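Where a number appears in this text, it was derived from the coordinates with a stated rule and is not lab data. Predicted model, so just to flag it, every value in this text is computed and none were measured. Please note: Cβ atoms are built from the backbone with ideal geometry, for glycine as well, and neighbour counts cover all protein chains shown.
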Amino acid sequence: MIYPIVIYPNNILTRENKQVNEITDELIDLLDDMRETMKAHDGVGLAAPQIGKNIQVAVVEISDEFGGLFELINPEILISEGTDIDLEGCLSFPEIYGTVERAETVKISYYDREGDQMEVTASGYLARVFQHEIEHLAGKLFTEKIIERIAPENIEAYYAEEEDQDD
Ligand code: CO
C-alpha cells in the first residue's frame, strides 16, 4: 500500500516517536509499505512519522551501489566523524532544497526485520540520508539546518558545479 506523505506543517512530524518493542506482522507489512511509498514518491529515505506513524522506524534505499535497502528499527547514531556540506531535500517539504552540514561518516546501530541488531558504518551520501532519517525520528526537520536554499531550477547547476570542484 502506498501511503500519502505527511507534508509540513503538521505536528505529526515533530511529535515523539515511540521505540518498537516487538516485531509484529503489522510492522513487517508497514516496512513493505514504507519501501513502496518511498519508491512511489522517488525518495531515498522515509521515516514513519512521514506516513503518520509515530514510531522509531525508517527505510533508506539509494541504490545497490549504496548497499540496497536498509530497514531501520530503533536506529541510533553511535559515532559521527568529520563534516560535509551538501544538498538535501525531503518528501515532507516539496520544492524546498538546501545545503546542510552533516557528519561525513557515521556508525549506526538498528534492529532489522528479523529482530537482529545490526551495525553499519557509512560515509558521504548514505551517511547523510541515515542522519536525515534518524533526525526525523527525533522530531527534527532538515529545514532548521539549511545553510543556503537552492531553488529547484538551480539544482542541476549546483550538482554540475560540485562535480567541477571534485575534478
Ligand atoms: Co525528510
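Here Asp112, Asp116, Asp84 are screened, and the one residue that is touching a residue at least 40 places away in the same chain (Cβ under 8 Å), more than 17 Å from Val60 (Cα to Cα) and among the charged types (D, E, K, R) is Asp84. Within the stretch 15-37, the set of residues being touching a residue at least 40 places away in the same chain (Cβ under 8 Å) and of a type outside the set (S, T, N, Q) comprises Arg15, Glu16, Val20, Ile23, Leu27, Ile28, Leu31. Here is a list of conditions, (1) out of contact with any helix residue (DSSP H, G or I) (no Cβ under 8 Å at 6 or more places or on another chain); (2) farther than 26 Å from Lys53 by Cβ, and Ile150 meets all of them except one; can you say which number that is? Here Ile150 clears every test but (1). Test Ile12 against the criterion of being without any contact (Cβ under 8 Å) to a residue 60 or more places away in the chain, in a helix (DSSP H, G or I) and aliphatic (A, V, I, L, M), and give yes or no. Yes.
Going through (1) more than 16 Å from the ligand (Cβ to nearest atom); (2) free of Cβ contacts under 8 Å to residues at least 12 places away in the same chain one by one, Ile147 falls short only on (2).
Of the residues making up the stretch 1-11, those that are under 17 Å from the mean Cα position of the chain (by Cα) and loosely packed, with under 11 Cβ neighbours inside 10 Å number 1.
For the stretch 81-136, filtered to residues that are aromatic (Phe, Trp, Tyr) and farther than 18 Å from Leu31 by Cα, the residue that is surrounded by the fewest Cβ atoms within 10 Å (Cβ to Cβ) is Tyr125. Listed by first and then second residue, the pairs linking a residue in the stretch 52-74 that is among the small types (Gly, Ala, Ser) to a residue that is surrounded by fewer than 13 Cβ atoms within 10 Å (Cβ to Cβ), with Cβ atoms under 9 Å apart and 6 or more places separating them unless they lie on different chains, are Gly52/Pro4. Just one of the listed residues (Thr14, Thr24, Thr37) is more than 14 Å from the ligand (Cβ to nearest atom) and either surrounded by fewer than 15 Cβ atoms within 10 Å (Cβ to Cβ) or of a type outside the set (Phe, Trp, Tyr) (or both), and it is Thr24.
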